[in-house]
Amino acid sequence: MITAKQSGKQFDLVPSGNHVAICYQMIEIGTEDVDYQGEQKKSHKVRITWELCNERKVFDPAKGEQPFSIGKDYTLSMHEKATMRHDIQSWRGKAFTDEEATGFDITKLLGKPCLLNVIHKTSKTGNNYATIAGVTAVPKGTSVPTQVNPSFEFSFDQWDDKKFAGLPEWLRKRIEATPEFGRRLDKMPIEGEVPPF
């Protein structure tokens, strides 16, 4: 899941508690070096973002009232011990079979509702932040409002310059630091060069 760097600008903390939410964004970040139990490992990351249906505020007067949103970073893995697999199983209310887990398209979750448990924590630098502590299925009979934010998917396989340019700067920098982005640059023709047939 996630903390943004302090930039001097005050951000509204996502309210803590249980929230009816809708998944509206999936962003493939790429492979990053991560610290896992004291060891440096490489991990292919993806960011999933939800809007909180019943928590709204005017962030931009031109847009009016909009829902709070919160994201979580996952290792793109359906291994039986992976956090992503655990959260998605809890979200859909049933376990994956080994066959299902072999190649699950996570973009199928775009537009799907769930219940998020959001808690507040304090970073080592003393900043408060909100994080997702749990993802579960929406209880039967719960009303789910209409999705506000348009569904958004970004991946290396379906690269879109316009979508990439629209990402927050801190997220673009993370993507640009990955080997997947480097390989993409290697395949791009030099300006003025005619690509081979």
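The values are calculated or read from the model by the stated rules, or taken from the named source; none is laboratory data. From a predicted model like this one, the values you see are computed outputs, not experimental measurements. Because the Cβ atoms are built from the backbone with ideal geometry, glycine has one as well, and the counts that use them run over all protein chains shown. Protein only, heavy atoms only, side chains kept; ligands, DNA and RNA dropped before computing areas. Shrake-Rupley method; radii C 1.70, N 1.55, O 1.52, S 1.80 Å.
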Item to complete: Six or more apart or on different chains, Cβ under 6 Å: which pairs go from a residue in segment 67-81 that's charged (D, E, K, R) to one that's open to solvent by less than 60 Å² (accessible area, probe 1.4 Å) and at pLDDT 95 or above? Could you list them?
Response: LYS72/ILE48; LYS72/ILE132; ASP73/LYS45; ASP73/ARG47
Worksheet item: Regarding PHE164, is this residue more than 23 Å from GLY17 (Cβ to Cβ) and out of contact with any strand residue (DSSP E or B) (no Cβ under 6 Å at 6 or more places or on another chain)?
Response: yes
Practice prompt. May I ask you to verify whether PHE104 is open to solvent by less than 70 Å² (accessible area, probe 1.4 Å), out of contact with any strand residue (DSSP E or B) (no Cβ under 6 Å at 6 or more places or on another chain) and either of a type outside the set (Ser, Thr, Tyr) or modelled with pLDDT of 90 or more (or both)?
Written response: yes
Practice prompt. Tell me which residues, restricted to segment 45-69, are surrounded by fewer than 15 Cβ atoms within 10 Å (Cβ to Cβ), assigned to a strand (DSSP E or B) and aliphatic (A, V, I, L, M).
Written response: VAL58
Discussion item. Can you find, within segment 1-35, the residue that is farthest from LYS121 (Cα to Cα) among those that are at pLDDT below 50 and of a type in the set (S, T, N, Q)?
Written reply: SER7
Worksheet entry | Which listed residue, of LYS42, LYS72, LYS81, is assigned to a strand (DSSP E or B), modelled with pLDDT of 90 or more and surrounded by fewer than 17 Cβ atoms within 10 Å (Cβ to Cβ) | LYS42
Item to complete: Considering only segment 126-153, state which residues are outside any loop (DSSP other than H, G, I, E, B), of a type in the set (A, V, I, L, M, F, W, C) and either at pLDDT below 95 or closer than 17 Å to GLU51 by Cβ (or both).
Response: ALA130, ILE132, VAL135, PHE152
